[in-house]
Amino acid sequence: MSTTPPSTKPEYKTEWDRPSLIEDPRLRKGLTFAAIAYLIWSMGSLDIDWGRVSEGLPRAGNIFSRMFPPDFDRWELLSKGIIESLEMAFAATFVGVIIAIPLGLCAAKNLVPRPVYLIARSIIVLTRTLHEVIIAIFFVKIFGFGPLAGVLTLIVASISFIGKMLAEDVENMSPGQVEAIKATGASFPKMLIYGVAPQILPRYLGVSIYRLDANIRHSTVVGIVGAGGIGQTLSATFSRYDYDFSLAILLSIIAIVFVGEFFSSWARGKLR
């Protein structure tokens with residue numbers, strides 16, 4: 001009497017195991033322990049005065065209680081600051097997107113000689129190293145308080161951001177179209193118009209719209225250091241302990257940023 005051996009089927013896992021970033025469990029636990037130890041050490045080295053923190057909590061409650069209800073009675077001063085911020089953002093974006101074109105093209109290593117590339121890249125790196133507030137302080141010291149310092153600050157920020165994005169898009173574009181235009185004997189400007197522009201134009205427009213949205217937000221920040229806009233008015237209200245008007249300004253800034261974000265998302269969606 002012959003017996004048929006039972007069929008053995010391979011067992012497969014029915015649950016997916018997420019791959020770990022660090023396979024070695026000892027190394028993973030060691031890095032986790034080191035990160036926690038560093039966090040504890042860094043918090044201790046900051047020399048935080050917890051007594052002062054505890055005293056500040058009731059003060060914060062007093063500030064928030066004095067903010068309500070928000071004071072919109074001085075709507076003329078409020079609207080003037082908001083309009084000034086919007087004018088700064090639109091003017092800086094318009095100038096920045098234009099100047100960023102030659103800078104971005106010169107920062108693309110597949111278009112220009114290496115010395116030109118290094119100079120353009122150095123300008124982008126230098127301008128991107130400094131935060132908008134630091135640049136605003138610099139221009140305020142040169143040109144004084146007012147929207148001019150804010151506009152120049154946002155122009156520098158727009159040029160560096162859009163120029164970097166444009167240069168990376170040019171370096172990552174398909175070379176076939178450019179080589180085909182060059183094969184016809186076209187000049188360098190025609191190569192840019194017919195070979196480069198069609199590939200990077202949608203991305204360039206999308207980045208420019210995003211930068212406009214960012215400039216609207218940043219125009220409210222640079223004013224705190226005296227570079228014009230609604231931020232300058234907000235800083236003055238905090239200095240005068242005029243907290244109910246400060247809340248009205250903050251709510252207006254939130255509304256402006258929300259509208260700018262909605263417009264940016266809608267416009268970039270149309271470009272896709």
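Every read-out reported here was derived from the displayed coordinates using simple, explicitly stated rules and does not represent laboratory data. As the structure is a prediction and not an experimental result, all values here were calculated from the model. Cβ atoms come from the backbone with ideal geometry, glycine included; neighbour counts cover every protein chain shown.
What to note about this one:
- With the simple spin-label model, which puts each label point 7 Å out from Cα in the Cβ direction, the Trp41 to Ala255 separation comes to 5.1 nm.
- With the convex hull of the Cα atoms taken as the outline of segment 26-138, the averaged projected area works out to 15.2 nm².
- Dipole magnitude of the chain, debye to nearest 20 (Cβ charges: Lys/Arg +1, Asp/Glu -1, about Cα centre): 780
- Pairs from Lys80/Lys270; Lys190/Lys270; Lys109/Lys190 whose Cα-Cα separation, in the structure shown, is over 21 Å: Lys80/Lys270; Lys190/Lys270
- Listed residues Leu105, Leu152, Leu46, most fluctuating in the chain (Gaussian network, C-alpha, under 10 Å): Leu46
- Gaussian network model of the chain, springs between alpha carbon atoms under 10 Å - residue of Asp71, Asp242, Asp24 with greatest fluctuation: Asp24
- Under the span-like rule (Cα at least 24 Å along the axis, Kyte-Doolittle mean at least -0.5), DSSP H helices of the chain: 25-45, 50-67, 75-106, 147-172, 197-222, 243-271
- In segment 112-160, the trypsin sites (Lys or Arg not before Pro) that fall in loop regions by DSSP, at most 15 other Cβ within 10 Å: none
- Using alpha carbons only: equivalent-ellipsoid semi-axes of the chain, gyration tensor based, whole Å: 44, 38, 21
- Highest-MSF residue in the chain out of Met88, Met191, Met67 [GNM, Cα springs under 10 Å]: Met191
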